[in-house]
């Protein structure tokens, strides 16, 4: 458990896109670390099924319907949690899509979908949950990005995905500069992970991909902020 855990209250993490893959493994790792977990998923049935699996393992987990591409859905989720007295201390923006076509094959609707989910989804959840972190004097935000959006490593590619992830990296820096040091805001490249998005040929397991995500979610008060990580080490933007 993080040393900053307040007496009498367990920290709560909300993970988006969490019914499978990296998101689900992040939920598992954070629950194993002693946090309460809000498992957020666009499909409520899949979210409840994933939460039930974690609950059977003895973890404290709550399923929430959340479509990050829908501002009303984000607001409704935040309102439900607030009404139930659930304070989100850790926000993991994991929900994403992975369009792979080259630039001249990308239509506007594909780019818009990538931006709505990979970028604006995190923008919406940060606006919904980070102000209360600032008010309480504690918060951790982890934006699941990609080396495909790193300007110095790989000119954003594939096109619609890389553009959105590069913008997510920029959002990470903007939000980290807008909050006090007690709220840590970082981005992470989990690597090429064997998920529905990454495909069966990827070399990393979802648990390996989730390792740095969970590590950033559990940073101590002296931990870094405004930084891009892979394998728990800083990498260039």
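The values are calculated or read from the model by the stated rules, or taken from the named source; none is laboratory data. Owing to the predicted nature of the structure, the values given are computational and were not obtained by experimental measurement. Note that each Cβ is placed from the backbone with ideal geometry, even for glycine, and that neighbours are counted across all protein chains shown.
Name every residue in region 52-80 that is under 21 Å from residue 142 (Cβ atoms) and touching a strand residue (DSSP E or B) at 6+ places or on another chain (Cβ under 6 Å), in order of residue number.
Once the filter is applied, which keeps residues that are under 21 Å from residue 142 (Cβ atoms) and touching a strand residue (DSSP E or B) at 6+ places or on another chain (Cβ under 6 Å), region 52-80 yields 54, 60, 61, 62, 63, 64, 66, 77.
Within region 190-214, can you find the residues that are assigned to a helix (DSSP H, G or I) and within 22 Å of residue 166 (Cα to Cα)?
209, 210, 211, 212, 213, 214
State whether one or more residues within region 81-97 are in contact with a strand residue (DSSP E or B) (Cβ under 7 Å, 6 or more places away or on another chain), more than 21 Å from residue 143 (Cβ to Cβ), surrounded by 14 or more Cβ atoms within 10 Å (Cβ to Cβ) and touching a residue at least 12 places away in the same chain (Cβ under 8 Å).
Yes; the residues of region 81-97 include at least one that is in contact with a strand residue (DSSP E or B) (Cβ under 7 Å, 6 or more places away or on another chain), more than 21 Å from residue 143 (Cβ to Cβ), surrounded by 14 or more Cβ atoms within 10 Å (Cβ to Cβ) and touching a residue at least 12 places away in the same chain (Cβ under 8 Å).
Given the structure, is residue 47 closer than 24 Å to residue 114 by Cβ and out of contact with any helix residue (DSSP H, G or I) (no Cβ under 8 Å at 6 or more places or on another chain)?
yes
When only residues in region 215-229 that are in contact with a helix residue (DSSP H, G or I) (Cβ under 7 Å, 6 or more places away or on another chain) and not in a loop (DSSP other than H, G, I, E, B) count, which is farthest from residue 170 (Cα to Cα)?
Among those residues, the one meeting the criterion is 217.
Give the residue that is farthest from residue 12 (Cα to Cα), with candidates limited to residues of region 190-225 that are surrounded by fewer than 17 Cβ atoms within 10 Å (Cβ to Cβ), touching a strand residue (DSSP E or B) at 6+ places or on another chain (Cβ under 7 Å) and modelled with pLDDT of 95 or more.
The selected residue is 224.
Can you tell me which residue is nearest to residue 212 (Cα to Cα) among those in region 169-189 that are in contact with a strand residue (DSSP E or B) (Cβ under 8 Å, 6 or more places away or on another chain) and assigned to a loop (DSSP other than H, G, I, E, B)? Explain how you work it out, then say what you get.
First pass over region 169-189, keeping only residues in contact with a strand residue (DSSP E or B) (Cβ under 8 Å, 6 or more places away or on another chain): 169, 171-172, 175-176, 179, 182-189.
Within this subset, residues satisfying the condition of being assigned to a loop (DSSP other than H, G, I, E, B) are 179, 182, 189.
Numbers: 179: 22, 182: 20, 189: 8 Å.
Ranking the candidates gives 189 first.
Would you be able to tell me the number of residues in region 137-168 that are in contact with a strand residue (DSSP E or B) (Cβ under 8 Å, 6 or more places away or on another chain), outside any loop (DSSP other than H, G, I, E, B) and under 22 Å from residue 106 (Cα atoms)?
2
Quick one: which helices (runs of 4 or more DSSP H) sit completely within region 1-104 and have at least 3 residues that are within 24 Å of residue 182 (Cα to Cα)?
On the way: elements: 21-32, 44-56, 71-83.
Once the helices (runs of 4 or more DSSP H) in region 1-104 are filtered for at least 3 residues that are within 24 Å of residue 182 (Cα to Cα), what remains is 21-32, 71-83.
Does region 23-30 contain at least one residue that is under 23 Å from residue 132 (Cα atoms), free of Cβ contacts under 8 Å to residues at least 40 places away in the same chain and crowded, with 22+ Cβ neighbours inside 10 Å?
Yes, some residue in region 23-30 is under 23 Å from residue 132 (Cα atoms), free of Cβ contacts under 8 Å to residues at least 40 places away in the same chain and crowded, with 22+ Cβ neighbours inside 10 Å.
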